[in-house]
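Below: the structure, in structure tokens.
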Amino acid sequence: DTGVSQDPRHKITKRGQNVTFRCDPISEHNRLYWYRQTLGQGPEFLTYFQNEAQLEKSRLLSDRFSAERPKGSFSTLEIQRTEQGDSAMYLCASSLRTSGRWNEQFFGPGTRLTVL
Amino acid sequence: GQQVMQIPQYQHVQEGEDFTTYCNSSTTLSNIQWYKQRPGGHPVFLIQLVKSGEVKKQKRLTFQFGEAKKNSSLHITATQTTDVGTYFCAGPTNTGNQFYFGTGTSLTVIP
């Protein structure tokens with residue numbers, strides 16, 4: 001499968017614990033995005049990378065959230081000191097930036113986080 | 001801040017009826033994309049509109065981008081059960097730094 005993959009698919013953690021999610025984009029894609037989606041809502045933009053550079057970070061992303069894309073390939077999203085309000089589906093997407101546009105994004109299956 | 005609203009939030013139609021969802025942004029979008037998310041699935045790209053007033057068709061689906069680039073619509077003719085899902089509009093702000101999804105319209109098709 002050459003699509004976007006995410007790991008783990010499900011994560012249950014206790015409040016206060018740290019969690020880390022991984023996203024592997026489509027190999028030739030230079031842009032990678034992280035979104036959060038709660039039930040009945042649209043995906044909320046969190047951050048995105050172009051190659052290894054983090055170009056934008058939403059104000060939704062508190063200091064407890066950090067994302068990296070060290071070699072411009074896979075990315076990790078870490079949440080420190082998780083809170084119950086962090087429970088959501090975390091979606092990763094990738095795209096190929098051409099002509100300065102925001103092109104079609106390919107989404108992974110998501111990581112569902114439950115904070116007890 | 002940026003808001004992208006869609007109406008209606010939910011729509012139930014009989015199979016064969018038409019369906020339309022409307023997308024309205026509080027600010028101008030440089031382009032607009034539409035995605036479909038099946039229940040339990042992830043968003044899947046449908047189309048991108050770039051030009052003011054642009055209209056594109058994909059089989060039974062017709063997409064339109066408003067003249068002011070602040071609104072858009074998706075119309076499905078003669079719905080089928082395979083059209084079930086939530087339809088989202090989405091786009092970058094004019095500054096191009098963030099990408100916003102609309103609130104979505106959930107379509108149920110009754111056979």
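The values are calculated or read from the model by the stated rules, or taken from the named source; none is laboratory data. Remember, it's a predicted structure, so these values are computed and weren't measured experimentally. Cβ placement follows ideal geometry from the backbone for every residue including glycine, while neighbour counts extend to all protein chains displayed.
Here are the numbers for this structure:
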| read-out | value |
| --- | --- |
| Scope segment B:60-83; condition outside any strand (DSSP E or B), of a type outside the set (D, E, K, R) and buried (at least 16 other Cβ atoms within 10 Å of the Cβ); matching residues | B:G66, B:T79 |
| Every residue from segment B:46-60 that is within 14 Å of chain A (Cβ to nearest Cβ), under 13 Å from B:L74 (Cβ atoms) and of a type in the set (V, I, T) | B:I47 |
| Per-region count, segment A:32-58, residues assigned to a strand (DSSP E or B), more than 17 Å from B:Q3 (Cα to Cα) and more than 10 Å from chain B (Cβ to nearest Cβ) | 6 |
| Selection count where residues are within 16 Å of B:K70 (Cβ to Cβ) and either modelled with pLDDT under 95 or over 11 Å from the mean Cα position of the chain (by Cα) (or both), scope segment B:80-89 | 0 |
| The listed residue being charged (D, E, K, R), farther than 22 Å from A:Q41 by Cβ and part of a strand (DSSP E or B), out of B:K51, B:K57 | B:K57 |
| Single condition A:K57 does not satisfy, out of (1) over 16 Å from A:R9 (Cβ atoms); (2) touching a helix residue (DSSP H, G or I) at 6+ places or on another chain (Cβ under 7 Å) | (2) |
| Any hit, segment A:60-67, residues being in a loop (DSSP other than H, G, I, E, B), more than 17 Å from A:P8 (Cα to Cα) and within 14 Å of chain B (Cβ to nearest Cβ) | yes |
| Filter result (at the interface with another protein chain (Cβ under 7 Å from one of its Cβ atoms), closer than 17 Å to A:L46 by Cβ, touching a residue at least 24 places away in the same chain (Cβ under 8 Å) and of a type in the set (S, T, N, Q)) within segment B:85-105 | B:Q98 |
| Any hit, segment A:84-101, residues being within 14 Å of chain B (Cβ to nearest Cβ), on the phi > 0 side of the Ramachandran plot and touching a Gly at 6+ places or on another chain (Cβ under 9 Å) | yes |
| Some residue of segment B:63-84 being touching a residue at least 40 places away in the same chain (Cβ under 8 Å), within 9 Å of chain A (Cβ to nearest Cβ) and either touching a strand residue (DSSP E or B) at 6+ places or on another chain (Cβ under 8 Å) or under 26 Å from A:G108 (Cβ atoms) (or both) | no |
